[in-house]
1. Only sites in a loop by DSSP and with at most 16 other Cβ atoms within 10 Å count here; which GluC sites (Glu not before Pro) in segment 40-77 make the cut?
2. Rank these residues by their accessible area, most exposed first, probe 1.4 Å: 168, 118.
3. Tell me the net charge near residue 75. Cut-off is 12 Å between Cβ atoms, residue 75 excluded, with +1 for each Lys or Arg and -1 for each Asp or Glu.
4. Suppose all protein chains stay in the model; what accessible area per residue would a 1.4 Å probe give for segment 161-209, in Å²?
5. For every helix of n ≥ 4 consecutive DSSP H residues, a contribution of -39,500 (n - 2.57) applies; sum these over the chain, divide by its total residues, and give [θ] at 222 nm rounded to the nearest 500 deg cm²/dmol.
6. If R₀ is 30 angstrom, what is the calculated FRET efficiency for the pair residue 130 and residue 65, using the beta carbon separation as r and rounding to 0.05?
7. Under a Cβ-only charge scheme (Lys and Arg +1, Asp and Glu -1), can you give me the dipole magnitude of the chain about the Cα centre, in debye to the nearest 20?
8. Pairs of alpha-carbon atoms within less than 8 angstrom and 6+ residues apart define the contacts here; what relative contact order does the chain have, in percent?
Amino acid sequence: MSDPIVLSIAKSILAPAIKLFGLVFKTIRRPSFTYKRAPKNLFEHVKPGVSIDSVKEILGTPNQKSENQYRYVFSDACVQVDFNDHSSVNAVSVGLANISFWKRFQVWPINDLVLGKTTFAKIIDPDDEIHFDSSSKFYHFYVIKSYGFPGFYWNYAVGVLECPRVSTDKYHWSPELDQRSEIPPKMKVNWVCVTNLDEPPYFSYFGFI
């Protein structure tokens with residue numbers, strides 16, 4: 001019997017067996033939940049001034065919530081939405097799950113500000129105040145920039161955050177221990193808060209666990 005014939009017979013026998021094994025494995029395999037990815041154009045639709053009802057239509061039911069705050073866990077980012085007593089958004093904060101080409105976010109409408117790509121060294125100016133907060137479980141520093149049109153500005157707090165579910169790249173720098181001249185030139189920003197307030201709301205470092 002020639003090799004092609006033997007191979008054909010083997011395939012005809014094995015194919016049903018493999019299919020049956022796949023069906024059995026799929027039946028007995030324990031199911032698992034997975035987080036979906038955050039919308040690529042999130043900042044274009046979830047922003048200061050938008051109603052909280054619109055936010056729920058866009059992002060769905062929050063994973064966690066507290067007074068005047070919704071928190072969403074995505075596979076690539078943690079999103080915190082703060083709103084006022086009139087149920088209108090006044091701040092949107094996003095921290096990347098990790099630094100990756102596939103997990104970048106364009107911070108609309110600023111073309112040259114991209115989470116996971118733009119470096120902290122690029123956005124900081126000599127006279128910028130560096131806001132810093134840390135504990136044994138989280139590490140966070142950022143600067144506040146204003147962008148917009150005359151009479152209509154939003155504040156953008158941009159920086160580096162490490163906390164549960166949010167990770168930085170391999171570079172490290174401390175505002176308390178290191179000089180500004182020592183900021184790693186390739187250290188990328190992985191956190192931003194877009195707000196119409198003077199200061200960004202406190203980020204819920206443990207609110208996404």
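The values are calculated or read from the model by the stated rules, or taken from the named source; none is laboratory data. The structure displayed is predicted, hence computed values, not measured ones. When we count neighbours, we look across all protein chains shown, and the Cβ atoms used for this are built from the backbone with ideal geometry, even at glycine. What goes into the accessible areas is simple: the full protein's heavy atoms, side chains included, and nothing from ligands, DNA or RNA. Shrake-Rupley method; radii C 1.70, N 1.55, O 1.52, S 1.80 Å.
1. Within segment 40-77, the qualifying GluC sites (Glu not before Pro) (loop, at most 16 other Cβ atoms within 10 Å) are 67.
2. Result of the area sort, largest leading: 168, 118.
3. Cβ neighbours under 12 Å give a net charge of +3.
4. 55 Å²
5. It comes out at -6000 deg cm²/dmol, rounded to the nearest 500.
6. Taking R0 as 30 Å, the efficiency between residue 130 and residue 65 is 0.45.
7. The calculated dipole for the chain is roughly 1540 debye.
8. 20 percent
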